[in-house]
Amino acid sequence: MTLSQAILNGERLALARLLTQVENDTPQGRAALIELFPHTGKAHLVGVTGSPGAGKSSLVNQLALQYRKSQEKRVAIIAVDPSSPFTGGAVLGDRVRMRDLFGDPNIFIRSMASRGSLGGLAQTTANLVQVFDAAGFDVVIVETVGAGQSEVDIVRLAHTTVVVEAPGLGDDIQALKAGIMEIADVLVVNKADRPGVENTEKALKSMLELSRPTTKRTLKHHGTEMTVFAPQEKAEDGVWTPPIQRTIAFDGTGVPELLEAIERHADYLRQSGGWQRRERARLDVELQTLIRAELLTRFREALSAQAYEKALEDVVERKMSPWQAAQTLLKEGAR
Amino acid sequence: MTDKKIRVLVAKPGLDGHDRGAKVIARALRDAGMEVIYTGLRQTPEMIAEAALQEDVDVVGLSVLSGAHMALAPRIVELLRANGQADVKIFLGGIIPDEDWARLKEIGVSGVYGPGANTEDIIRDIKAAVAG
Ligand SMILES: Nc1nc2c(ncn2[C@@H]2O[C@H](COP(=O)(O)OP(=O)(O)OP(=O)(O)O)[C@@H](O)[C@H]2O)c(=O)[nH]1
Ligand SMILES: [Mg+2]
């Protein structure tokens, strides 16, 4: 039996081993992804991002419990932490907050090091998601590296992006400016037991209004009421205003409501056609990335090392511009 | 293709309440280029085995200060075997009386280290064990 068959049969050790193959991008991993791909496309992909220490892992723990309790869904979790740029090693600590999930065979947690990627995920995170999707997990939650900036990668990968903030993180408001509001489908103010929740929530609200004007606003203009339609960033998806949910990840307060908000977003995507659009956009990016990588490999193989070195030398000596050199090399490579 | 990283689960089984030693080891292994999955305090053998399986680790490193190593280590070995992970190498650190070392090695523990152990030695031993 192949690894991919074992996975379709629900074998956990086979799943764990294939995840390693796929993470390391081995030929065996690639072959399995080809076999598994027809079985993907069913899972709801939920991204969880936000400032370091905001409580992402603790909240993922509670969310998974809630999924099990209220819907009996099978939940896979991928938790990404940064690799050290100096040694390539990593300490992956998100599991510490997920100990409540122990013993449930319908939950599977996998830690992942970013391995030099900068967008909050690892290069192969999307492929791990595919494996879980094919293995029949209804929900795949991806916790990104906590960076507090717009984690662009997660928006491309997830159907629903949850942004977690918390009071008392100091420069959280600064971090929030960095475009994170635009990527949120659902906003969470975690640590609602702490002083300062109101302020954090207020700050989120006002920034939300700035970055995403509501479609319809009524203004008083010279005494007459005017309806203004503000521009929409994701106009094709229709109108979705990210709800703001308070939570306490310690005891699960607000988590059922958070799950409802996530589900509402999934329903909204399905009804508006946004689900297919996001799938299509994601696969489009994936296809282009693969083509680019493959073309580059082939080009390099076709080109002699000397020709490349020569062109580089010409550029360094200002005999040719980089653009000219690239054109020359491309012509040579195509021959 | 990325080169294969050594994945290590660092766990602190038993009921005693501090994990300073485990964290020091976790960081040392990271600095040696390994990917360390850190699971925190008060792990039962069952929790450790489940995490080792999901994470498909090459190595399980245990920090045991409570003196319960002769109960915990054999149980963990047994659970890993039952899960089909007999190939996972087990390393044990803590306050372990000399007379227990031989017995631990006998049941399949790859390395045993006292409180004064040199992390360089541990790293070298782990690399050698994983290389087979
Ligand atoms: N008071 C309070 N503390 C919380 C709450 N949720 C999490 N914490 C604490 O906040 C700290 C960080 O929690 P994590 O869940 O590890 O946060 P994270 O965002 O996953 O952190 P990174 O992955 O390191 O970025 C821990 O000490 C938690 O115990 C909460 O609702 N209230
Ligand atoms: Mg975390």
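The values are calculated or read from the model by the stated rules, or taken from the named source; none is laboratory data. Everything quoted here is computed from the prediction, not taken from an experiment. Cβ coordinates were reconstructed from backbone atoms using ideal geometry, including for glycine residues, and neighbour counts include every protein chain displayed. Surface areas here come from the heavy atoms of the whole protein model, side chains and all, with no ligands, DNA or RNA. Shrake-Rupley method; radii C 1.70, N 1.55, O 1.52, S 1.80 Å.
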**Fill in**
Exception for B:Ile6 within (1) more than 10 Å from every other protein chain (Cβ to nearest Cβ); (2) crowded, with 20+ Cβ neighbours inside 10 Å falls at (1)
**Request:** Restricting attention to region B:42-51, report how many residues are more than 9 Å from chain A (Cβ to nearest Cβ) and open to solvent by less than 10 Å² (accessible area, probe 1.4 Å).
**Result:** 2
**Item:** Test: B:Ala73 is small (Gly, Ala, Ser), under 19 Å from B:Glu50 (Cα atoms) and open to solvent by 50 Å² or more (accessible area, probe 1.4 Å)
**Value:** no
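Output the residues belonging to region A:93-127 that are assigned to a loop (DSSP other than H, G, I, E, B), of a type in the set (S, T, N, Q) and more than 16 Å from ligand 2 (Cβ to nearest atom).
Of everything in region A:93-127, those that are assigned to a loop (DSSP other than H, G, I, E, B), of a type in the set (S, T, N, Q) and more than 16 Å from ligand 2 (Cβ to nearest atom) turn out to be A:Asn106, A:Ser117, A:Gln123, A:Thr124.
This table checks each residue for (1) within 25 Å of A:Leu157 (Cα to Cα); (2) at pLDDT below 95; (3) surrounded by 12 or more Cβ atoms within 10 Å (Cβ to Cβ).
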position	(1), (2), (3)
A:Gly274	yes, yes, yes
A:Asp284	yes, yes, no
A:Thr289	yes, yes, yes
A:Leu296	yes, yes, no
A:Phe299	no, yes, yes
A:Gln306	no, yes, no
A:Lys310	no, yes, yes
A:Val316	no, no, no
A:Gln327	no, yes, yes
**Complete:** Among helices (runs of 4 or more DSSP H) entirely inside region B:22-132, those with 1 or more residues being under 26 Å from A:Leu19 (Cβ atoms) and acidic (Asp, Glu) are B:45-55, B:69-82
**Complete:** In region A:9-53, anything within 16 Å of ligand 2 (Cβ to nearest atom) and open to solvent by 10 Å² or more (accessible area, probe 1.4 Å) is listed as A:Pro52, A:Gly53
**Asked** Taking the stated definitions as given, is A:Leu59 within 16 Å of ligand 2 (Cβ to nearest atom) and in a helix (DSSP H, G or I)?
**Response** yes
**Request:** Among the candidates A:Ala54, A:Ala76, A:Ala64, single out the residue that is within 16 Å of ligand 1 (Cβ to nearest atom) and out of contact with any Gly (no Cβ under 8 Å at 6 or more places or on another chain).
**Result:** A:Ala64
